[in-house]
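Structure record follows, encoded as structure tokens.
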Amino acid sequence: MDEAHDLECGNVKVKQNSRNLTDVAPRVTAGSRFPEGFLWGVSTAAHQVEGGNDNNQWAAWEQAGRIKSGDRSGKACDWWNNAERDFDLAQEMGINALRLSVEWSRIEPREGRYDALAVRRYRQMLEALHQRGIQPMVCLHHFTHPLWFEQRGAFLGGGAADLFGRFVRHVVSALGDLCQHWVTFNEPNVYATLGYVLGEFPPGRRGQILTAVALVNALARAHTQAYRAIHELQPQAQVGWAHNFVVFQPARPGARRDRWVTGLVNELFNESFLRLIELGKLVFPLSLASGDLTEVKGACDFVGLNVYSRFHVAFDARIASQMFARVFVPPHVPQGDHGVEQPYGEAYPAAIRVAVERVARIGKPIYVLENGVPDADDRIRPWLIVNVVQELDRLIQAGQDIRGYFHWTLTDNFEWSEGWKLRFGLVALDPKTQQRTVRNSGRLYGAIARGNCISPEMVNQYFPAGIELTPD
Ligand code: BGC
């Protein structure tokens, strides 16, 4: 197929040959400049980049040999010693925002004992970002917390919201002059699902669906307490959370059981936290288990969206522990690299539209806080970026209040239960030598960020010819 499409940026308009865009890419339509002040960022997380984190529950999980690849986070990207090296790269690319998280186990290594040096290092990092014209966004809990907190039952333990709230106050008091945008939790739904239903994250429980729901409720309470605490200390702060949104598609749309189980998965995974923020309660019958959560209603200034994939869902009577849902990735769809045991997921740019249109109902500004693909050879990442940026453009043109896009991630980092097997970086990293190499997609993304638009020249320059969308 050799059809011509138009791409436009500002006043420039040229023909773009679709050979490079493949048959499955959404049609490239006229694009335009993004709003002034739009954030073109990257997202990271403390445990995945800092290195030397040995006092949290993930370090214990690694030591217990629970990483599928057998890897350890080790020095990770060595940010604790030298995050500035990657901040320089981000600055050179032209990125104007960076989301990072603070590691609770460094700041409060023992219950009630704070480490002033750790806080000082985070101040240095935030200052270093400002010096480079990069706006920081700080996440207060990205999957990890101190071992002492895990041993108390983490967020299901007594007094958890107060303990987290105390930590949050400490951080915001110490760093508030350097940060306006706070993310309380990264992906409460992923933490609950992978920790209590699929057993891939600590504490490694399987099939405990009601406990997962209880955890989502507990995280919503802790989020709300943190939201209030931050506003008390910093009235102008913008506070949200990062919501992982997956598009679930019935495997056989004509089959009633597939549609039913897809709805169930969607309700539990995508909807539960959203409904707590939107309505202060879950839908019946889950509402019976959740108690009074009216305090949660409306507790956010923005919604952060982490959007990656689409999955197909089929009813399977043999897997009661997963609500009879067989969630899978069909082989023919565009995909990045395969995980150790399973495919990572379908690379699905249109997921952004589904997610944005859903969370827009909450009526708050939206930041896309994560989006990316594992792709060591940079085979489809440029395709993903081009298509997602165009999707964002169309959504903004249609009136959606999207304030920024943060790509996951800047430099290859330690990918949780997959270890070093999956590479999400705009910059390739050799964790042994710490050598960095900017990928083609990094150059493309930098051009988009600097131009605040996507132009045909960028696509021509950085889009590899003959891109392949399915693995061999
Ligand atoms: C998480 C990141 C993770 C990324 C890629 C997100 O769900 O927040 O920490 O590395 O997905 O799997």
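The values are calculated or read from the model by the stated rules, or taken from the named source; none is laboratory data. Model, not experiment: these values are computed from the prediction. All Cβ positions, glycine included, derive from the backbone under ideal geometry; neighbour counts span all protein chains shown. Each accessible area value is taken on the protein alone, full model and side chains, heavy atoms only, with ligands, DNA and RNA left out. Shrake-Rupley method; radii C 1.70, N 1.55, O 1.52, S 1.80 Å.
Report, ordered by the first and then the second residue, all pairs with beta carbons closer than 7 Å, sequence separation of six or more or different chains, a first member in segment 303-331 that is free of Cβ contacts under 8 Å to residues at least 24 places away in the same chain, and a second member that is acidic (Asp, Glu) and within 16 Å of the ligand (Cβ to nearest atom).
Pairs found: Val329/Glu346.
For segment 207-250, what are the residues that are touching a His at 6+ places or on another chain (Cβ under 6 Å) and more than 18 Å from Gly176 (Cα to Cα)?
Gln249
Output the residue which, of all residues in segment 376-394 that are aliphatic (A, V, I, L, M) and in contact with a Pro (Cβ under 8 Å, 6 or more places away or on another chain), is nearest to the ligand (Cβ to nearest atom).
Leu384
If I ask for residues that are open to solvent by less than 10 Å² (accessible area, probe 1.4 Å), in a helix (DSSP H, G or I) and more than 13 Å from Leu178 (Cα to Cα), which ones from segment 86-140 would you list?
Asp86, Phe87, Ala90, Trp104, Ser105, Ile107, Ala118
Among the strands (runs of 3 or more DSSP E) contained in segment 229-332, which hold 2 or more residues that are within 23 Å of the chain's Cα centre (by Cα) and within 16 Å of the ligand (Cβ to nearest atom)?
Filter on segment 229-332 gives 238-250, 302-315.
Which one of these is within 16 Å of the ligand (Cβ to nearest atom), more than 28 Å from Met93 (Cβ to Cβ) and in a helix (DSSP H, G or I): Val216, Val190? Give the derivation first.
Working: Val190 fails: more than 28 Å from Met93 (Cβ to Cβ).
From the options Val216, Val190, the qualifying one is Val216.
The rows are residues; the columns are (1) hydrophobic (A, V, I, L, M, F, W, C); (2) open to solvent by less than 40 Å² (accessible area, probe 1.4 Å); (3) more than 26 Å from Glu370 (Cα to Cα); (4) touching an Asp or Glu at 6+ places or on another chain (Cβ under 9 Å).
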residue	(1), (2), (3), (4)
Leu219	yes, yes, no, no
Ile230	yes, yes, no, no
Gly240	no, yes, no, yes
Gly254	no, no, yes, no
Leu279	yes, no, no, no
Leu282	yes, yes, no, yes
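Hey, could you check segment 395-424 for residues that are outside any loop (DSSP other than H, G, I, E, B) and within 9 Å of the ligand (Cβ to nearest atom) and say which is farthest from the chain's Cα centre (by Cα)?
Glu418
Can you give me the number of residues within segment 351-375 that are in a strand (DSSP E or B) and either among the aromatic types (Phe, Trp, Tyr) or more than 16 Å from the ligand (Cβ to nearest atom) (or both)?
Number satisfying all stated conditions: 2.
Output the residues belonging to segment 424-437 that are in contact (Cβ under 8 Å) with a residue 40 or more places away in the chain and surrounded by fewer than 17 Cβ atoms within 10 Å (Cβ to Cβ).
Of everything in segment 424-437, just one residue is in contact (Cβ under 8 Å) with a residue 40 or more places away in the chain and surrounded by fewer than 17 Cβ atoms within 10 Å (Cβ to Cβ), namely Gln434.
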